[in-house]
Amino acid sequence: MNGVRILVIATFFVFVLMTPVVVASGNDSYYIFDNELQVNEGITIETSIHIEVVEVKRIPLERAKFRITSYQRPERMITVFKEDGPQANRYETYSGASIYLDVIGVYSDSVQFRVSGPSNWRVTDYYDVDPEEGGGEVDEAVTVPKLKITRTLDISSVQQGQTAKVTFKIKNDGNGTASEIELDEPTIKGAYREGCPTTLDDIAAGATERVSYDLKIVDVEPGTYELNPTLLNYKSESGTSYSSESSSNVLVIVAEEVLAPELEIKLTIESDDDVIICGERFSVTVRIDNTGNATTGRITVKSHLPDDVRVAGGEIDPVYESIKPGDYEEYEVTMIAYEPGKHVIKMDVLWADEEASASAEFWAERSGFDKYYIYILAAIPIVLILLWLIKRRREYSF
Amino acid sequence: MLNILILGLGQCGNRVLDAVNHEAFGSGGTFAKYYSRQKFPASVKTIAINTAINDLKGLTDTRAKDRFHVPHLHGVGANRALGKKVFDDNKEQIMSEIDKRGSFELIFIITSAAGGSGSSFAPLLVKELKKAYNAQIICIAVLPFREEGSIFLQNTAFCIRELVAESPNGILLVDNQYLKKYAGDIKSAYDKINISVARRVLFLIEALNSEMLMVTDLGDLKTVMNGGIGIGTMGYYEAGKDGTIKSAILGSFKPSGLLFPANVYNEGARAMLIIKGDKKYLDLDLITKTVEELSTDVGQVFKGVLIKKGRPKVLSLFTLNSVPELENLYAAAADAIRFEMDKREQSKKQLDDAFAHIDELEPIY
Ligand SMILES: Nc1nc2c(ncn2[C@@H]2O[C@H](COP(=O)(O)OP(=O)(O)O)[C@@H](O)[C@H]2O)c(=O)[nH]1
């Protein structure tokens with residue numbers, strides 16, 4: 001309870017103290033320093049605060065690294081990004097007054113920046129940093145972490161509604177522990193990250209850390225997406241900021257697969273050239289294939305036969321309880337067609353609210369005997385007459 | 001119904017019989033036998049008998065089972081002596097073949113008098129049939145063309161004599177020579193003669209079998225055939241468009257319709273007239289009157305009237321008191337025989353003379 005109160009009071013005081021400064025620097029644009037400095041150049045403010053440009057970088061973001069030392073304070077490295085804003089980078093002096101660093105522009109080996117602070121404060125000295133002196137000082141203390149991040153997805157193609165597991169493998173190739181590791185993971189619109197950390201525990205030099213999260217594809221248009229690189233921001237023990245990024249990944253999102261059985265029915269008439277002899281039996285094989293990806297429920301078959309076609313053997317309209325995907329049912333029916341001509345047999349297979357049908361065609365012809373029946377009938381009297389004539393002739397031939 | 005047997009002997013007899021069978025089919029022509037039945041006016045059985053199988057084979061309208069072959073190689077030629085022997089040898093078979101066909105009241109024997117088989121069989125058959133059946137037997141004898149040679153003349157002479165000797169109920173003559181006028185060539189003359197004979201025979205049978213008004217019967221036939229010398233012939237006349245029944249009756253006595261040349265008015269002994277035709281033509285009074293007129297010249301005339309569709313047709317059948325033409329034939333035959341005998345004697349003498357050359361000689365080897 002006391003701690004909380006003290007913190008509130010402290011925050012209050014800070015607020016009260018800072019307010020005129022902020023107003024002064026914000027509204028009056030009171031800058032203690034507003035100029036360009038080369039790398040390894042420094043300024044002294046009020047004879048006790050030293051600000052040196054350690055390095056400038058323009059890629060990937062324009063930034064400059066400053067070393068700030070002052071009375072009764074440890075040396076601090078501060079990296080200021082161009083876009084950070086005028087009050088983002090604060091440095092508190094021993095007296096309690098703060099100065100703010102704001103980078104205006106970064107060039108190949110110089111940086112234009114502003115230092116704002118108490119309005120009575122002045123730059124008291126410009127100086128060049130002796131690299132030996134500065135470097136020597138730093139050498140003993142600085143250890144550098146170097147994180148290498150690789151991102152892998154367990155599948156390259158995800159269906160709508162499915163989840164891809166994204167794994168980061170982060171290895172510290174440097175010689176110092178990486179701390180304050182921030183992980184900035186981009187995402188795809190319509191996909192949600194589940195359990196994706198934004199900060200990571202410190203990674204000691206040489207250690208490898210694996211972190212993973214689930215990328216849930218909820219409502220992403222099917223297509224090929226590029227997953228932008230993951231950005232890692234971290235610091236060395238000395239407080240220097242570093243960053244690294246992974247390579248980008250490609251993720252294909254396919255339409256959601258609907259699970260449903262699909263039946264196909266096929267009729268095969270066993271005959272030569274699909275010609276059937278009237279009155280003779282022929283067999284028809286019916287095959288029902290489940291070409292879908294789910295097991296069916298109850299299946300019924302309904303046949304449509306021409307009027308003169310009768311079933312002579314076998315069940316023509318069987319019922320099946322189910323057919324597994326990729327599986328099939330087959331049965332044979334014996335039929336007889338009585339009239340000559342073209343016939344079409346149609347069969348429907350019904351399941352759930354769906355149906356499929358197939359039809360088969362065949363020609364029925366009268367048998368050899370049937371075909372010539374009429375001629376035989378006509379020939380009988382002729383033959384009888386002939387026989388009669390022959391008989392008569394024989395009666396009269398001696 | 002009358003039971004009638006018609007026998008055709010030898011080639012001539014066979015062929016006339018075949019014509020009878022053909023005519024019995026009616027107007028159907030050659031092919032009638034394939035679809036029609038013979039319509040005999042009575043119960044008629046026919047048998048063609050021959051020693052020459054080729055003659056039997058040549059027949060067309062006689063059933064095969066009604067053709068009886070008397071086996072003798074190549075026939076008998078014109079040799080009546082051989083013919084008689086062959087008949088004797090086969091008498092039983094011939095008679096049993098006839099017997100198979102039942103019993104008869106009237107038998108016709110048709111034969112040529114000139115040939116070998118028929119002319120030799122006929123008299124012998126008359127004898128056998130008389131023994132076996134109580135039937136009237138009428139022989140129809142065909143006389144040869146005179147130019148056919150002396151053997152045919154001889155045969156005819158002897159055949160007729162033998163026939164008369166066996167005394168059938170009658171002999172009706174058909175004279176090829178006389179009927180030669182029918183056609184130019186022999187073949188068609190034969191056909192015409194055969195058909196004429198056949199039609200007359202069938203007409204006669206019809207009349208005998210009918211039960212119509214003014215019918216003639218077997219008794220009448222017998223009486224007619226008994227007249228004169230028992231030899232006669234037949235005449236026929238078919239009335240023209242406007243002909244009266246009288247002219248038709250008289251027409252049937254005219255020489256043009258006769259099968260043998262005779263002068264009925266002079267030589268006729270008895271006659272039978274059969275008149276057939278539509279009722280409208282048949283004026284019975286006129287018929288009776290005409291017949292009565294004829295009777296004064298011809299002698300007894302029997303008449304029968306058949307009412308049948310068509311124009312009046314008249315068949316006349318009669319016996320003669322004298323047969324001058326037959327006498328002529330006999331004279332010619334005698335001449336021929338004598339000539340043959342002389343020739344043979346002469347030839348024999350010539351041969352003997354020739355042989356005389358080697359009398360009392362022996363062959364030397
Ligand atoms: N009318 C007529 N006479 C025939 C016929 N065939 C042969 N002739 C005559 O019959 C005589 C010969 O007798 P044929 O019957 O042939 O001898 P056969 O067979 O030995 O009795 C000859 O006078 C022929 O002119 C015929 O078809 N019709």
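The values are calculated or read from the model by the stated rules, or taken from the named source; none is laboratory data. Everything numeric here is computed off the predicted structure, so don't read it as measured data. For neighbour counting, all protein chains shown are included, and Cβ atoms are generated from backbone atoms with ideal geometry for every residue, glycine included. Note: accessible area is taken over every heavy atom of the protein model, side chains too, but ligands, DNA and RNA are not part of it. Shrake-Rupley method; radii C 1.70, N 1.55, O 1.52, S 1.80 Å.
Pulled fully out, how much extra length does the chain show between A:Asp308 and A:Ser283, if you take 0.36 nm times their separation in residues and subtract their Cα-Cα distance? Mind showing how you got there, number by number?
Numbers: separation 25, 0.36 × 25 = 9.00 nm, distance 1.55 nm.
Result: 7.4 nm gained on full extension.
Beyond 28 Å, how much of the Cα-Cα pair distribution for chain A remains, as a whole percent? Please list the in-between numbers first.
Working: 56254 of 79003 pairs.
That tail contains 71 percent of the Cα-Cα pairs.
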Checklist entry - Amide H to amide H, which residues 5 or more places from A:Asn293 or on other chains are under 5 Å from it, using H placed in the peptide plane? => result A:Ala260, A:Glu262
Checklist entry - In terms of Cα to Cα distance under 18 Å, which aspartates and glutamates are near enough to B:Lys241, apart from those fewer than 8 places away along the same chain? => result B:Asp278, B:Asp283
Next on the checklist: For B:Phe108, what residues show an amide H to amide H distance below 5 Å, using hydrogens built from the backbone and excluding near sequence neighbours?
Outcome noted: B:Leu5, B:Ile6, B:Leu7, B:Ile138
Next on the checklist: Output the 0 to 90 degree angle, nearest 10, between the alpha-carbon long axis of helix B:80-99 and the longest principal axis computed from the alpha carbons of chain B.
Outcome noted: 40
Checklist entry - Hey, what do the phi angles of the stretch B:128-134 turn into as Karplus ³J(HN,Hα) couplings, whole Hz, using 6.51/-1.76/1.60 and θ = phi - 60°, x for Gly and Pro? => result 5, 5, 5, 5, 7, 10, 8
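When the Cα atoms of the stretch B:158-197 are enclosed in a convex hull and the volume is divided per residue, what value in Å³ results? Don't jump to the answer; show the numbers that get you there.
On the way: hull volume 3.1 nm³, N = 40.
Once divided by residue count, the hull of the stretch B:158-197 is 77 Å³.
Taking only complete DSSP H runs, can you tell me which helices of chain A stretch 18 Å or more along their own long axis by Cα positions and average at least -1.0 on the Kyte-Doolittle scale? Don't skip to the end; give the middle numbers.
Values: long enough: A:2-27 (36 Å, 1.68); A:368-395 (37 Å, 0.77).
Result, helices passing both filters: A:2-27, A:368-395.
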Checklist entry - How large is ³J(HN,Hα) for each residue in the stretch B:274-286, as worked out from phi by the Karplus curve 6.51 cos²θ - 1.76 cosθ + 1.60 (θ = phi - 60°), to whole Hz, x for Gly and Pro? => result 10, 10, 10, x, 5, 3, 4, 7, 8, 7, 4, 4, 4
Checklist entry - Using all Cα-Cα distances in the stretch B:1-108, what percent lands in each 10 angstrom bin from 0 up to the longest? => result 14, 44, 32, 10, 0
Next on the checklist: Using the basic label-point model (7 angstrom from Cα toward the beta carbon), what is the B:Lys349 to B:Ile229 distance in nanometres?
Outcome noted: 3.4
Checklist entry - How high is the relative contact order of the stretch A:147-254, in percent, with contacts defined as C-alpha pairs under 8 Å that are six or more residues apart? => result 35
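For the pairs B:Lys33/B:Lys65; B:Lys85/B:Lys127; A:Lys82/A:Lys146; A:Lys65/A:Lys171; B:Lys91/B:Lys130, note any where the Cα-Cα span goes beyond 18 Å. Walk me through the numbers on the way to the answer.
On the way: B:Lys33/B:Lys65 15 Å; B:Lys85/B:Lys127 15 Å; A:Lys82/A:Lys146 23 Å; A:Lys65/A:Lys171 25 Å; B:Lys91/B:Lys130 14 Å.
Checking Cα-Cα distances, A:Lys82/A:Lys146; A:Lys65/A:Lys171 exceed 18 Å.
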Checklist entry - Which FRET efficiency value, to the nearest 0.05, is calculated for B:Lys308 and B:Asp99 with the Förster distance at 35 angstrom and r the Cβ-Cβ distance? => result 0.55
Item to check | Set of aspartates and glutamates with alpha-carbon distance to A:Lys235 below 15 Å, sequence-local pairs under 8 removed | outcome: A:Asp173, A:Glu180, A:Glu182, A:Asp184, A:Asp201, A:Asp202, A:Glu245
Checklist entry - With each label point set 7 Å from Cα along the Cα-Cβ vector, what nm distance links A:Glu36 and A:Ser247? => result 3.9
Next on the checklist: Please list, ordered by chain and number, the residues whose modelled amide H lies under 5 Å from the amide H of A:Ile277; skip anything fewer than 5 residues away on the same chain.
Outcome noted: A:Glu365
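In the protein assembly as shown, what percentage of the DSSP-assigned beta bridges are antiparallel, given to the nearest 5?
Working: 131 of 175 bridges.
Beta bridges within the protein assembly as shown, antiparallel portion: roughly 75 percent.
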Checklist entry - From the phi of every residue in the stretch A:300-310, what ³J(HN,Hα) in whole Hz does the Karplus formula 6.51 cos²θ - 1.76 cosθ + 1.60 yield, where θ is phi - 60° and glycine or proline is x? => result 10, 10, 10, 9, 10, 10, x, 3, 9, 9, 10
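Would you mind putting A:46-58, B:336-348 in packing order, based on average other-beta-carbon counts within 10 Å, highest first?
On the way: A:46-58: 18.3, B:336-348: 11.5.
Peptide ranking by packing, descending: A:46-58, B:336-348.
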Next on the checklist: Checking buried surface per residue: for the stretch A:355-398, which residues lose a minimum of 40 Å² accessible area in the protein assembly relative to the chain alone (1.4 Å probe)?
Outcome noted: A:Arg392, A:Glu395, A:Tyr396, A:Phe398
Checklist entry - What accessible area, in Å² to the nearest ten, does a 1.4 Å probe give for B:Asp285? => result 120
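Over the stretch B:3-209, with every protein chain in place, what whole percent of the accessible area is carbon and sulfur at 1.4 Å, could you tell me?
Numbers: 4090 of 7690 Å².
Here carbon and sulfur together make up 53 percent of the probe-accessible area.
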Item to check | Where trypsin sites (Lys or Arg not before Pro) fall in DSSP loop in the stretch B:1-93, at most 13 other Cβ within 10 Å | outcome: B:Arg37, B:Lys39
Item to check | the stretch A:315-398, Rg to Rh (Cα coordinates; Rh as Kirkwood inverse mean 1/r) | outcome: 1.45
Checklist entry - What spacing in nm lies between the two simple spin-label points modelled at A:Thr334 and B:Glu360, each 7 Å away from Cα in the Cβ direction? => result 11.6
Item to check | Base-10 log of normalised Debye intensity for the stretch A:147-254 (one unit scatterer per alpha-carbon) at q = 0.12, 0.14, 0.16, 0.17 Å⁻¹ | outcome: -0.42, -0.55, -0.68, -0.74
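Can you run the Rg to Rh ratio on the protein assembly as shown? Use alpha carbon positions and the Kirkwood inverse-distance Rh.
Values: Rg = 75.1 Å, Rh = 41.4 Å.
We get a ratio of 1.81 for the protein assembly as shown.
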Item to check | Ellipticity estimate at 222 nm from DSSP helix runs (n ≥ 4, -39,500 (n - 2.57)) divided over chain B, nearest 500 | outcome: -15000 deg cm²/dmol
Next on the checklist: At R0 = 60 Å, how high is the FRET efficiency between A:Ser238 and A:Asp327 if r is their beta carbon distance? Nearest 0.05 is fine.
Outcome noted: 0.30
Checklist outcome for this item: Tilt, helix B:324-356 to longest principal axis of chain B (alpha-carbon atoms), in degrees rounded to tens, equals 10
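Could you report the protein assembly as shown's accessible area per residue, 1.4 Å probe, as an integer in Å²?
Working: 39790 Å² over 763 residues.
Counting only protein heavy atoms, the per-residue value for the protein assembly as shown is 52 Å².
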Item to check | Carbon + sulfur, % of accessible area of the stretch A:257-381 - ligands and nucleic acids excluded, 1.4 Å | outcome: 48
Item to check | Sites A:Asp273 and A:Thr150, calculated FRET efficiency, Cβ-Cβ separation with R0 56 Å, nearest 0.05 | outcome: 0.25
